[in-house]
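The values are calculated or read from the model by the stated rules, or taken from the named source; none is laboratory data. Remember, predicted model here, so these are calculated numbers, not experimental data. Heads up, the Cβs are rebuilt from the backbone with ideal geometry, glycines too, and the neighbour counts pull from every protein chain shown.
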Amino acid sequence: MRIGIDVREGVKKERAGKGEYVYRLVSQLVKHAEHQFVLLCDAELPTEWVLPNVRARIWSVPSWLWQGLAVLYLNFGHPVDVYLATTSVIVPALTWRTPVVAVLFDFVSFLFSDRHKLKAVLLEKIWMGPAVNRAKKLLAISQSTKNDAVKLFGINPEKITVSYIGPAVEAAEELVTLPSNPIILFVGTLEPRKNLINLIRAFDQLRSEGTAASLVLAGGWGWQSQEIKLAMNSSAYAADIKTLGYVSEAQKTYLYRHATVFAFPSYYEGFGMPPLEAMSLGLPVVTSNVSSLPEVVDNAALLVSPDSIAELAAALKQVITDVSLRDRLRQAGLTQSKKFSWQNTADVTLGVLTNIRA
């Protein structure tokens, strides 16, 4: 079977959530030598994808033009039996000749449009509906995302298969210089949806109550980050807030293994990979009780309302000061994280792709 995949996010040097999804999923899929893979991208493939059953189609052009070329290629070239749309909603919306399976990550443009980039919101509101309706099948990265799709677009639930993702961590570590205090760690893009202002305020509260700790934020700055920077700079404990910017996979592993507690009070996540990563490396997690996050962590983390600074501060303080709680959460997190793997993601994905042809 010839399978086409949009791998643009996966070939980037610095990968965020979607990029990790594409990179790790494709790394598993291309091992299936019984299938041929046509990887559509805008840059050279990683060396581990260069295999006899893999062919690259590279268009190093702006995104709008790339999508136009992909639509023409799929409609008139008919180069593959099925196409996996991992990023663009425009390509699946305009492709009619090649069967398309589209991946659904989240619906932040519809549910939290004020906390998302305006350009992305406009594009998704125009093209998401046609994309999900034209696609033959849909893959949702969580049951929460599937439920959102059904509510927003009236999609038949049988059209959507839940395909959970795995943790994106490496075994190797690279040293990161950290404060000597207990570390409250956040990993992710620094943007409004991640609720970092409330995290900073919760940090201020527990410090004012006498709990020694430092707050470490790892991740690139996203859009509308000025308010987050203002909250950091105006904190009475600004000296104990450290930003690291984008970190490598090895540095991220080091952070997870040497922090005291992982804080992820996001307002909305399609899946929530960072809490899963933290659990997989034995780091206790405090996260929000909304969207997909309870689905990911189950009973292996402390859940709080993202709107309650007091709840967040109390949960962080509890983990920092209670050794037995940390041990319980560590063991529960390790057990819970084993339910998720990229091999399972690839198996479910390949099952949907091959059933399209059947």
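Just a few scattered comments:
- For region 317-358, filtered to residues that are of a type in the set (A, V, I, L, M, F, W, C) and outside any helix (DSSP H, G or I), the residue that is modelled with the lowest pLDDT is A358.
- T177 being among the polar types (S, T, N, Q), closer than 27 Å to G219 by Cα and either in contact with a Pro (Cβ under 8 Å, 6 or more places away or on another chain) or not in a loop (DSSP other than H, G, I, E, B) (or both): no
- Considering residues of region 135-155 that are of a type in the set (K, R) and touching a strand residue (DSSP E or B) at 6+ places or on another chain (Cβ under 8 Å) only, the residue farthest from P274 (Cα to Cα): K136
- Of all residues in region 197-230, those that are more than 21 Å from A315 (Cα to Cα) and either out of contact with any Pro (no Cβ under 9 Å at 6 or more places or on another chain) or not aromatic (F, W, Y) (or both) total 11.
- Residue check for V11: in the same structural domain as L350 (by TED's automatic domain parsing), in contact with a Phe, Trp or Tyr (Cβ under 9 Å, 6 or more places away or on another chain), β-branched (V, I, T) and farther than 19 Å from Q343 by Cβ: yes
- Note on region 116-132: residues that are modelled with pLDDT under 80 and crowded, with 19+ Cβ neighbours inside 10 Å amount to 1.
- Region 81-100, subset under 11 Å from G4 (Cβ atoms) and touching a Pro at 6+ places or on another chain (Cβ under 9 Å), residue surrounded by the most Cβ atoms within 10 Å (Cβ to Cβ): Y83
- Restricting I184, I228, I200 to residues that are touching a residue at least 24 places away in the same chain (Cβ under 8 Å), in a strand (DSSP E or B) and buried (at least 21 other Cβ atoms within 10 Å of the Cβ) narrows the list to I184.
- Residue match in region 156-167 (condition: over 23 Å from E277 (Cβ atoms), surrounded by fewer than 16 Cβ atoms within 10 Å (Cβ to Cβ) and of a type in the set (D, E, K, R)): yes
- Scanning region 253-279 for residues that are of a type in the set (S, T, Y) and under 15 Å from the mean Cα position of the chain (by Cα), we see that the one that is surrounded by the fewest Cβ atoms within 10 Å (Cβ to Cβ) is Y267.
- If you go through region 203-225 and pick out every residue that is touching a Leu at 6+ places or on another chain (Cβ under 7 Å), closer than 22 Å to S305 by Cβ and either basic (K, R) or not in a loop (DSSP other than H, G, I, E, B) (or both), you end up with 3.
- Within region 282-324, being surrounded by fewer than 16 Cβ atoms within 10 Å (Cβ to Cβ) and either in contact with an Asp or Glu (Cβ under 8 Å, 6 or more places away or on another chain) or closer than 27 Å to A171 by Cα (or both) holds for D298, N299, S305, V323, S324.
- Selection within region 98-113 - assigned to a helix (DSSP H, G or I) and either under 22 Å from T354 (Cβ atoms) or out of contact with any Ser or Thr (no Cβ under 9 Å at 6 or more places or on another chain) (or both): V108, S109, F110, S113
- Tally of residues being within 23 Å of V30 (Cβ to Cβ) and surrounded by fewer than 12 Cβ atoms within 10 Å (Cβ to Cβ) across region 51-69: 2
- Hits in region 205-225 - residues which are among the polar types (S, T, N, Q) and surrounded by 13 or more Cβ atoms within 10 Å (Cβ to Cβ): Q205, T211, S214, Q224, S225
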